[in-house]
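Worksheet: one structure, shown below.
The values are calculated or read from the model by the stated rules, or taken from the named source; none is laboratory data. Because the structure is a prediction, the values reported are computed rather than measured. Here Cβ is always computed from backbone atoms with ideal geometry, including for glycine, and neighbour counts include all displayed protein chains.
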There are 2 protein chains.
Amino acid sequence: MSEVYFIGADVGGTTVKLAIVKENGEIVHKWEIHTNTDNQGKSIPEDIHKSIEEKLVEQEITKEKIAGIGAGAPGFVDTNTGFIYEAVNIGWKDFDFGNKLKELSGLPVWVDNDANLAALGENWLGAGHGSQELIAVTLGTGVGGGIISNGQILNGANGTAAEIGHVTVIREGGAPCNCGKTGCLETEASATGIVRKAKAIAEDYPESSLKSLLSSDALTAKDVFEMASNGDEASQAVLNDVMDTLGMAIANLAIAINPEKIVIGGGVSQAGEQLLNPLQEAFKKYALRRIASASSFQIAQLGNDAGVIGGAYLVKNNQK
Amino acid sequence: MSEVYFIGADVGGTTVKLAIVKENGEIVHKWEIHTNTDNQGKSIPEDIHKSIEEKLVEQEITKEKIAGIGAGAPGFVDTNTGFIYEAVNIGWKDFDFGNKLKELSGLPVWVDNDANLAALGENWLGAGHGSQELIAVTLGTGVGGGIISNGQILNGANGTAAEIGHVTVIREGGAPCNCGKTGCLETEASATGIVRKAKAIAEDYPESSLKSLLSSDALTAKDVFEMASNGDEASQAVLNDVMDTLGMAIANLAIAINPEKIVIGGGVSQAGEQLLNPLQEAFKKYALRRIASASSFQIAQLGNDAGVIGGAYLVKNNQK
């Protein structure tokens with residue numbers, strides 16, 4: 001049988017990540033193009049198509065060898081049709097992305113939410129190791145998620161499944177969230193949430209490293225982790241609180257899903273064991289014993305490639 | 001094609017509910033036998049088998065017309081093999097229920113958790129109406145659940161998915177739960193939880209109907225609903241609090257699953273609109289707008305038949 005390739009395309013707010021991927025998941029070539037959000041992002045399908053055509057020529061791969069394109073978008077997706085209900089950062093609203101890319105490229109196209117794609121990627125070649133039951137949590141500027149159950153990604157009734165960042169964790173008096181609610185997980189456990197909490201707590205610790213760094217006004221979540229590992233009590237208090245909240249939220253999700261793997265990705269996950277150890281402890285406190293005994297935590301392994309690898313998997317999984 | 005029948009068997013702590021069901025879901029005959037929990041429930045497969053044989057003779061249905069048995073057990077089930085990890089009320093622990101029943105009956109047998117079976121039954125012929133995405137919540141002595149996503153019941157890594165009653169809703173200082181944790185949904189929103197909360201709040205309302213009934217010492221959740229609908233402030237305060245908690249817990253689950261239907265069953269659901277109206281209001285407060293817009297609440301319709309109907313569906317869905 002002749003060689004077959006998949007194309008992964010991960011559309012983000014500033015760049016579109018693209019990759020040509022072999023059947024075994026090996027990346028032959030990866031590259032990025034600028035995401036042109038002018039004119040409500042209308043030119044993006046064409047930009048992607050042209051860039052793929054150029055790369056195939058450059059890589060000397062004929063189009064017949066491409067089984068399809070698997071694309072991710074940061075928004076709500078009808079995965080049956082590739083129709084985007086809404087992707088705020090791109091400017092898409094009721095945008096027929098999948099069909100447009102299909103018409104232009106002449107290739108089969110499958111589309112899913114970008115966080116779901118990352119979960120599929122991690123499950124295929126990263127920390128998930130082909131699990132049938134997986135919860136992926138992305139801790140970045142916001143908190144995203146993807147859930148695999150019975151071996152399938154959950155999309156839900158209108159493409160809004162696994163929006164883990166918007167689980168309510170502070171019932172009353174929580175911080176306002178972009179979604180319009182208050183007390184969402186995202187307001188507590190994202191990089192932004194960690195900084196917000198650090199700023200709030202710093203006043204209670206006038207002698208802390210946290211308090212002194214605060215005046216520099218460029219505090220990041222990474223700083224908080226660093227100060228905590230250097231013994232700063234204020235920073236430790238912030239992280240203890242965040243990890244307890246995150247552990248409870250994941251335990252509650254795990255009670256619904258009964259996962260085998262829980263994969264933590266995104267910028268904040270670079271803290272590694274410093275994050276995983278207290279998180280697992282909090283998780284055990286709030287999870288049913290049978291649930292905890294069935295599941296293990298892992299840090300995501302594919303980094304920024306998770307989306308394009310997940311896109312390739314979408315093609316692999318759906319091709320005839 | 002000649003007529004085909006399914007057998008549903010719903011094993012509970014005191015009775016086993018049984019039914020012969022037509023392909024369209026119509027119950028030809030239903031009956032109950034005593035659950036013999038002596039000797040760790042070892043005789044149950046044989047009891048079920050014998051009872052089915054008798055009924056088939058009585059109903060003049062030959063065994064060739066039976067496509068299989070779909071059975072439910074109140075515990076943790078390996079649905080691939082019908083093996084019961086544990087079913088405390090029955091006395092089963094590592095019990096090979098499915099294979100035993102298969103050997104005795106000579107029929108194909110499929111087994112699932114009883115709450116999952118009830119969810120499947122409601123989704124086939126009751127309030128679910130064949131939804132691909134459904135959350136079923138059973139409010140009885142405890143709080144149980146079943147989740148259908150991508151058209152399939154979620155079982156999870158070790159048969160513990162959808163144990164909705166054990167989601168943590170009171171983070172600190174919640175009531176102790178049978179599972180060993182505190183603050184589980186079951187301690188707040190079950191019939192038992194409602195009575196517990198009513199007793200606790202009654203002292204604050206010395207003039208209330210609730211306080212006066214309390215001395216009778218046989219307070220039920222039904223009483224609390226009745227007093228609330230008659231204008232008793234104390235009872236209303238209890239139910240407002242319970243529905244707010246339940247609404248938040250279901251909204252958080254819905255953020256994972258993005259359901260089309262949310263079906264509320266069990267004894268407490270007999271309160272109907274008196275339960276649904278405040279519950280839906282609380283749900284909307286805590287759910288993402290896109291999630292709320294995609295989902296509707298229903299009271300379960302099949303009552304005690306949900307389990308055997310779900311058992312029949314298990315056969316229907318798995319038969320070749």
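Evaluating residue B:231 against the criteria (1) of a type outside the set (D, E, K, R); (2) in contact with a Gly (Cβ under 9 Å, 6 or more places away or on another chain); (3) surrounded by fewer than 16 Cβ atoms within 10 Å (Cβ to Cβ) leaves one unmet condition, (2). Within segment B:277-301, the set of residues being over 30 Å from residue B:13 (Cα atoms), touching a strand residue (DSSP E or B) at 6+ places or on another chain (Cβ under 6 Å) and among the aromatic types (Phe, Trp, Tyr) comprises B:286 only.
Residues of segment A:259-281 that are surrounded by fewer than 21 Cβ atoms within 10 Å (Cβ to Cβ) and within 14 Å of chain B (Cβ to nearest Cβ): A:260 alone. For segment B:240-258, residues that are surrounded by fewer than 24 Cβ atoms within 10 Å (Cβ to Cβ), more than 11 Å from every other protein chain (Cβ to nearest Cβ) and of a type outside the set (S, T, N, Q) total 2. Scanning segment B:293-317 for residues that are within 14 Å of chain A (Cβ to nearest Cβ) and either touching a residue at least 24 places away in the same chain (Cβ under 8 Å) or closer than 30 Å to residue B:68 by Cβ (or both) gives B:294, B:295, B:296, B:297, B:317.
Would you be able to tell me the number of residues in segment A:136-183 that are within 19 Å of residue A:269 (Cα to Cα) and of a type in the set (A, V, I, L, M, F, W, C)? Counting residues in segment A:136-183 that are within 19 Å of residue A:269 (Cα to Cα) and of a type in the set (A, V, I, L, M, F, W, C) gives 7. For the subset of segment B:10-29 comprising residues that are within 16 Å of residue B:123 (Cα to Cα) and loosely packed, with under 14 Cβ neighbours inside 10 Å, which member is nearest to the chain's Cα centre (by Cα)? Within segment B:10-29, the match that is nearest to the chain's Cα centre (by Cα) is B:26. For segment A:191-199, the count of residues that are within 22 Å of residue A:77 (Cβ to Cβ) and either among the charged types (D, E, K, R) or touching a residue at least 60 places away in the same chain (Cβ under 8 Å) (or both) is zero. Apart from one condition, residue B:103 fits all of (1) more than 12 Å from residue B:70 (Cα to Cα); (2) touching a residue at least 60 places away in the same chain (Cβ under 8 Å); the exception is (2).
Considering segment A:283-299 alone, what residues qualify as being buried (at least 22 other Cβ atoms within 10 Å of the Cβ) and either within 14 Å of residue A:136 (Cα to Cα) or among the hydrophobic types (A, V, I, L, M, F, W, C) (or both)?
Narrowing segment A:283-299 to residues buried (at least 22 other Cβ atoms within 10 Å of the Cβ): A:283, A:286-288, A:291, A:295.
Answer for segment A:283-299, where residues must be buried (at least 22 other Cβ atoms within 10 Å of the Cβ) and either within 14 Å of residue A:136 (Cα to Cα) or among the hydrophobic types (A, V, I, L, M, F, W, C) (or both): A:283, A:287, A:288, A:291, A:295.
When we screen A:80, A:39 for residues that are surrounded by fewer than 16 Cβ atoms within 10 Å (Cβ to Cβ) and outside any helix (DSSP H, G or I), the only hit is A:80.
A single entry from B:252, B:304 fulfils the requirement of being at pLDDT below 95 and touching a strand residue (DSSP E or B) at 6+ places or on another chain (Cβ under 7 Å): B:304.
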